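The values are calculated or read from the model by the stated rules, or taken from the named source; none is laboratory data. Keep in mind that what you see is a predicted model, and the values were worked out from it rather than measured. Methodologically, a virtual Cβ is constructed for each residue, glycine included, from the backbone with ideal geometry; neighbour enumeration extends over all protein chains shown. Heads up: the accessible areas ignore ligands, DNA and RNA and are worked out on the full protein's heavy atoms, side chains in. Shrake-Rupley method; radii C 1.70, N 1.55, O 1.52, S 1.80 Å.
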Amino acid sequence: MRSYDAVVVGLGGMGSAVLAHLASRGKRVVGLEQFGPAHALGSSHGGSRIIRQAYFEHPSYVRLLLRAYELWGDLEQRAGERLMLRTGGLMAGDPDCQVVSGALRSAREHNLAHKLLEASDIRRRFPVLRPLQHEVALYEEPAGVLFPEACVLAHLRWAVEAGAEARFGTHVRSWWETGRGVEVELTGGERIESEHLVIAAGAWLGKAAGDLGLPLRIERNVLHWFEPLAHREDFATDRFPVYILQREGVPMFYGFPDLPGQGIKAAFHHSQEYTDAEHLVRTVAAEEVAALKRALAGWAPDAAGRHLHSKVCMYTMTPDEHFVIGRHPKHAHVVLAGGFSGHGFKFCAVVGEIVADFVIDGASRHPIDLFAADRFVS
Ligand SMILES: Cc1cc2nc3c(=O)[nH]c(=O)nc-3n(C[C@H](O)[C@H](O)[C@H](O)COP(=O)(O)OP(=O)(O)OC[C@H]3O[C@@H](n4cnc5c(N)ncnc54)[C@H](O)[C@@H]3O)c2cc1C
């Protein structure tokens with residue numbers, strides 16, 4: 001039976017980063033992924049992801065984000081390719097809505113450079129946008145776009161260059177603790193033993209984490225791409241920011257500039273349509289496209305042109321929408337990384353570092369009290 005310092009289950013956004021950080025710190029590691037590299041069947045696909053610093057969800061994410069920016073920069077250097085594009089970002093809506101007030105709180109608590117724009121400022125600076133008279137936006141320069149598939153592949157390349165094994169088309173059926181660590185059984189019967197097990201299984205976490213009963217819900221969410229109707233030049237990446245808009249009477253939605261070869265992408269942030277990874281409906285109804293297009297037309301009318309395509313993806317939601325990162329409450333040799341609740345990709349690089357800390361040092365240097373895995377376990 002083959003033996004390792006650590007086995008990583010799932011090589012999506014998080015697992016690929018964990019594998020790279022463990023291998024680069026000299027650990028004998030193997031990553032096991034049921035699908036192929038950078039596949040489109042989980043939560044880390046769709047051509048682009050927003051990265052930002054003035055974090056409306058909670059100020060305690062900001063220090064992690066500042067470290068993530070450093071680590072994404074290092075990975076870009078190592079990979080010799082662009083993984084991140086700074087476009088600026090708008091957190092927009094009523095002055096007291098969560099998106100604006102939360103971003104402002106984080107920016108002030110962490111002295112992040114930002115501007116608070118009135119509706120007239122927004123229209124002047126971004127002529128294709130139509131904020132309502134009372135809406136404002138926090139603008140931050142470092143916000144932008146990550147290219148998720150390229151990020152996953154860059155972490156995987158780094159991991160393998162550092163000596164890791166990455167096995168695709170390899171499904172982990174079960175695992176159990178032994179006196180020395182864990183034993184993992186693959187579909188097909190092969191067994192692997194290891195001192196540590198990392199479970200970064202995305203929407204499959206509930207199943208993979210065994211007897212934990214984490215209250216996770218899988219939310220189906222859809223990404224849409226459109227061809228602009230007019231003023232395409234004003235949606236270019238050097239003229240148009242990523243944005244999140246929280247507008248009265250419209251589900252929160254977000255969007256991107258016109259990324260070369262992609263068109264203009266936008267999506268609702270929460271569909272509140274719950275499912276599971278095995279029963280996910282991957283086809284998109286015309287009414288879903290129309291609903292998003294209506295919302296988009298009320299904010300950037302020229303963006304809401306011909307529909308190009310749509311893709312389905314999964315959020316793994318925790319009740320408080322904060323992550324689950326840390327030791328499995330019932331198994332000392334197991335570390336969990338999941339429940340990223342639709343906002344985790346920007347953190348992949350630092351989650352890799354945090355989980356490697358846990359495996360190697362037993363705890364992390366980073367502030368992650370918010371993510372304790374036992375906060376849901378009675
Ligand atoms: C539509 C959408 C938009 C988003 N937008 C943003 C954004 O703008 N900014 C942002 O920061 N975040 C965003 N997110 C969130 C972010 O993409 C996710 O938090 C992140 O991708 C989660 O990564 P993961 O590694 O946990 O999951 P995944 O990438 O899905 O990885 C889990 C992996 O585990 C594998 N696996 C599971 N079980 C097993 C098993 N038993 N054996 C072997 N392999 C297994 C799966 O095949 C999968 O590859 C968005 C998410 C979605 C769905």
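Applying the criterion of at least 3 residues that are over 18 Å from the mean Cα position of the chain (by Cα) to the strands (runs of 3 or more DSSP E) found wholly in segment 1-109 leaves 2-9, 29-32, 89-93. You will find that of Arg86, Arg108, Arg157, the residue that is open to solvent by 60 Å² or more (accessible area, probe 1.4 Å), outside the structural domain of Cys313 (by TED's automatic domain parsing), out of contact with any Phe, Trp or Tyr (no Cβ under 6 Å at 6 or more places or on another chain) and at pLDDT 95 or above is Arg157 and no other.
One line per residue, one yes/no per condition, for (1) more than 25 Å from Leu117 (Cα to Cα); (2) open to solvent by 50 Å² or more (accessible area, probe 1.4 Å); (3) out of contact with any His (no Cβ under 7 Å at 6 or more places or on another chain):
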{"site": "Pro215", "(1), (2), (3)": "yes, yes, yes"}
{"site": "Arg220", "(1), (2), (3)": "yes, no, yes"}
{"site": "Val250", "(1), (2), (3)": "no, no, yes"}
{"site": "Phe253", "(1), (2), (3)": "no, no, no"}
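Looking at segment 118-195, the strands (runs of 3 or more DSSP E) lying wholly inside it that each contain 3 or more residues that are farther than 30 Å from Ile264 by Cβ sit at 165-167, 172-177, 182-186. Criterion first (at negative phi, within 16 Å of the ligand (Cβ to nearest atom) and open to solvent by 10 Å² or more (accessible area, probe 1.4 Å)) does Phe323 satisfy it? Judged against the criteria, Phe323 is not a match.
The rows are residues; the columns are (1) open to solvent by 10 Å² or more (accessible area, probe 1.4 Å); (2) in contact (Cβ under 8 Å) with a residue 24 or more places away in the chain; (3) touching a Cys at 6+ places or on another chain (Cβ under 6 Å); (4) not hydrophobic (A, V, I, L, M, F, W, C).
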site	(1), (2), (3), (4)
Gly13	no, yes, yes, yes
Leu22	no, yes, no, no
Arg28	yes, yes, no, yes
Leu32	no, yes, no, no
Phe35	yes, yes, no, no
His45	no, yes, no, yes
Tyr55	no, yes, no, yes
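Could you tell me whether any residue of segment 123-140 is of a type in the set (Asp, Glu) and either open to solvent by 30 Å² or more (accessible area, probe 1.4 Å) or in contact with a Phe, Trp or Tyr (Cβ under 7 Å, 6 or more places away or on another chain) (or both)? No, there is no match, as no residue in segment 123-140 is of a type in the set (Asp, Glu) and either open to solvent by 30 Å² or more (accessible area, probe 1.4 Å) or in contact with a Phe, Trp or Tyr (Cβ under 7 Å, 6 or more places away or on another chain) (or both).
Could you tell me whether any residue of segment 341-350 is among the charged types (D, E, K, R), in contact (Cβ under 8 Å) with a residue 24 or more places away in the chain and open to solvent by less than 30 Å² (accessible area, probe 1.4 Å)? Among the residues of segment 341-350, at least one is among the charged types (D, E, K, R), in contact (Cβ under 8 Å) with a residue 24 or more places away in the chain and open to solvent by less than 30 Å² (accessible area, probe 1.4 Å), which makes the answer yes. Considered as a group, the residues in segment 272-294 that are under 23 Å from the mean Cα position of the chain (by Cα) and under 28 Å from Ala119 (Cα atoms) include one that is most open to solvent (accessible area, probe 1.4 Å), and that residue is Val289. Among residues of segment 326-337 being of a type in the set (A, V, I, L, M) and open to solvent by less than 10 Å² (accessible area, probe 1.4 Å), the one that is nearest to His231 (Cα to Cα) is Ala337.
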